[in-house]
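To start, the structure itself, in structure tokens.
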Amino acid sequence: MLGNNQFTGTIPKEIGFINGIWQFDMSRNRLEGEIPSTIENWKGAIDIRLYRNELVGKIPHGIGSLMSLLHLQLHENALTGQLPDTLFDLTHMIELTLN
């Protein structure tokens, strides 16, 4: 877990090519830019926490392919656009925070 460490910069797209990610917490940092679409490769992910950063842009459409995802926390960013329809395919989702 890498939350609350004052990291800055963008999340590199290459992060999506790390195998075996099941929990990813970079919350409470100073990350900016967009959420890389490559995170759709984390098929076994159950928990993604990117809240309290300075992320912009849309939620990647491919997040809806993460069928194991239970927790998705994206609140307190500057994300824009419509929610991807694929989010509604995540029938095991327990927590979704976007405010």
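The values are calculated or read from the model by the stated rules, or taken from the named source; none is laboratory data. It should be emphasised that the depicted structure is a prediction, and the values quoted were computed from it without experimental measurement. For neighbour counting, all protein chains shown are included, and Cβ atoms are generated from backbone atoms with ideal geometry for every residue, glycine included. Surface areas here come from the heavy atoms of the whole protein model, side chains and all, with no ligands, DNA or RNA. Shrake-Rupley method; radii C 1.70, N 1.55, O 1.52, S 1.80 Å.
Listed by first and then second residue, the pairs linking a residue in segment 81-96 that is aromatic (Phe, Trp, Tyr) to a residue that is modelled with pLDDT of 90 or more and surrounded by 11 or more Cβ atoms within 10 Å (Cβ to Cβ), with Cβ atoms under 9 Å apart and 6 or more places separating them unless they lie on different chains, are 88/64.
Against the list (1) touching a Leu at 6+ places or on another chain (Cβ under 9 Å); (2) of a type in the set (Val, Ile, Thr); (3) at pLDDT below 95, the condition residue 21 fails is (1).
Among residues of segment 28-44 that are within 14 Å of residue 14 (Cβ to Cβ), those with a beta-carbon under 6 Å from a residue that is open to solvent by 70 Å² or more (accessible area, probe 1.4 Å) at least six positions away or on a different chain give the pairs 33/10; 36/13; 38/13. When segment 11-39 is limited to residues that are within 11 Å of the chain's Cα centre (by Cα) and open to solvent by 70 Å² or more (accessible area, probe 1.4 Å), the one that is farthest from residue 84 (Cα to Cα) turns out to be 34.
Here is the figure for segment 1-45: residues that are in a loop (DSSP other than H, G, I, E, B), of a type outside the set (A, V, I, L, M) and in contact with a Pro (Cβ under 9 Å, 6 or more places away or on another chain) total 3.
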